[in-house]
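Visitor: I'd like to ask you about the structure that follows.
The values are calculated or read from the model by the stated rules, or taken from the named source; none is laboratory data. Small disclaimer: the values here were computed from a predicted structure and weren't measured. All Cβ positions, even for glycine, are placed from backbone atoms using ideal geometry, and neighbour counts span all protein chains on display. For the accessible areas, the whole protein counts, side chains as well, though only heavy atoms, and no ligand, DNA or RNA atoms are used. Shrake-Rupley method; radii C 1.70, N 1.55, O 1.52, S 1.80 Å.
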Amino acid sequence: MAERPYTLLSCSMSIDGYIDGASESRLLLSNELDLDRVDRVRAGVDAILVGATTVRNDNPRLLVRDPGLRRQRCERSLPEHPTKVTVTQGGCLDPSSPFFADDGAAKVVYGSSQAVAQLRHRLGRRTEVVDAGDPVRMRHLSEDLHARGVRRLMVEGGGAVHTQFLAEDLADELQLVVAPFFVGETGARRFVGEARFPWHPGHRARLASTEQLGDVVLLRYALSGRYDAGASGSP
Ligand SMILES: NC(=O)c1ccc[n+]([C@@H]2O[C@H](COP(=O)([O-])OP(=O)(O)OC[C@H]3O[C@@H](n4cnc5c(N)ncnc54)[C@H](OP(=O)(O)O)[C@@H]3O)[C@@H](O)[C@H]2O)c1
């Protein structure tokens, strides 16, 4: 079997398991301490993956914020920012969104075969568009990233992408942050959707550590034998 990168899933959710509210506006689940931690985790990876809905709804920049961390990456002969990666079935991505900004980060878009021509036309040469087949399988995507030199992959959501990585047993670690409030709206997105997961009452995941960061708590789960305790981004 082809190799895949060390893969850590990162997510923040409400006490009742929602990763966003039902309204248009983005729900802030993190706090400053946690955002700094996430920045350190980002600085330690080669690529960051989010689903196309997250690109459309959240307009994430997915950059390393701290200049010191960026400098350290350069000293290690790494690019200033990890490669940004997204995946789409329908190909509806706006080239003017912050994901595609001219910010020094490499960009890779995995598109279904039917969407590739349109994506290449729309996104231009600065974004690598990969024909990922139909249907797009996250295992194939992970293996392709490994073949491109990605050894550490951070998956930042949303729910559809996390569900696939977990259900297909492609994650080595889960970093789950719980914010101290409820969302309580059934129309809102939950951390994962319906699926058969490798971890269930008869096969519990290993809780590797917990850490309080102000008013949120970080839970780190070891999901594979490759779990790397040093990947937390904690000081
Ligand atoms: N709290 C957090 O930590 C956090 C982090 C990230 C996101 N979020 C929230 O999560 C919400 C979005 O989550 P979501 O589950 O709706 O969407 P998502 O996982 O961000 O993206 C889903 C989309 O990605 C593409 N996709 C996923 N799997 C694919 C596959 N196998 N093949 C081809 N395309 C695939 C499809 O794009 P197309 O529709 O283009 O075909 C699909 O509609 C947002 O509201 C955001 O605010 C929260």
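Visitor: Over the range 5-129, what percent of the accessible surface lies on carbon and sulfur atoms, probe 1.4 Å?
Guide: On the way: 2810 of 5840 Å².
About 48 percent, which is the carbon plus sulfur part of the accessible surface.
Visitor: Specify the inter-centroid distance of the range 6-37 and the range 200-230, based on alpha-carbon positions, in whole Å.
Guide: For the range 6-37 versus the range 200-230, the Cα centre distance is 16 Å.
Visitor: Largest first and to the nearest Å, give the Cα extent of the chain along each principal axis.
Guide: Here the Cα extents, ordered largest to smallest, are 44, 43, 41 Å.
Visitor: Please calculate how many Å² of accessible area the range 112-235 carries per residue, with a 1.4 Å probe and no DNA, RNA or ligand atoms counted. Before the final figure, lay out each step's value.
Guide: Values: 6700 Å² over 124 residues.
Per residue, the range 112-235 has an accessible area of 54 Å².
Visitor: How much length is gained if the chain between ALA2 and ASP134 is pulled fully straight, taking 0.36 nm per residue apart and subtracting their Cα-Cα distance, in nm to one decimal? List each step's numbers first, then the result.
Guide: Values: separation 132, 0.36 × 132 = 47.52 nm, distance 1.93 nm.
The span from ALA2 to ASP134 would gain 45.6 nm if fully extended.
Visitor: Grab the DSSP H runs of the chain that are 4 residues or longer, score each as -39,500 (n - 2.57), total them, divide by all residues and round the 222 nm result to the nearest 500 deg cm²/dmol. Before the final figure, lay out the partial values.
Guide: Working: 6 runs with 55 residues, N = 235.
My calculation for the chain gives -6500 deg cm²/dmol from helical runs alone.
Visitor: Right, something else. Quick one: accessible area per residue over the range 1-76, 1.4 Å probe, rounded to a whole number of Å²? Display every interim value, and only then the final one.
Guide: Working: 3680 Å² over 76 residues.
For the range 1-76, the solvent-accessible area averages 48 Å² per residue.
Visitor: Full-extension gain between ASP36 and GLU211, please, as 0.36 nm times their residue separation minus the C-alpha to C-alpha distance. Present the calculation step by step, with values, prior to reporting the outcome.
Guide: On the way: separation 175, 0.36 × 175 = 63.00 nm, distance 1.40 nm.
Once the chain is fully extended between ASP36 and GLU211, it gains 61.6 nm.
Visitor: How much length, in nm to one decimal, is gained on full extension between THR186 and ALA22, taken as 0.36 nm per residue of separation minus their Cα-Cα distance?
Guide: On the way: separation 164, 0.36 × 164 = 59.04 nm, distance 0.79 nm.
Between THR186 and ALA22, full extension yields an extra 58.2 nm.
Visitor: Given labels modelled 7 Å from the Cα in the Cβ direction, how far is it in nm from ASP103 to ALA117?
Guide: Once both label points are built, they end up 3.2 nm from each other.
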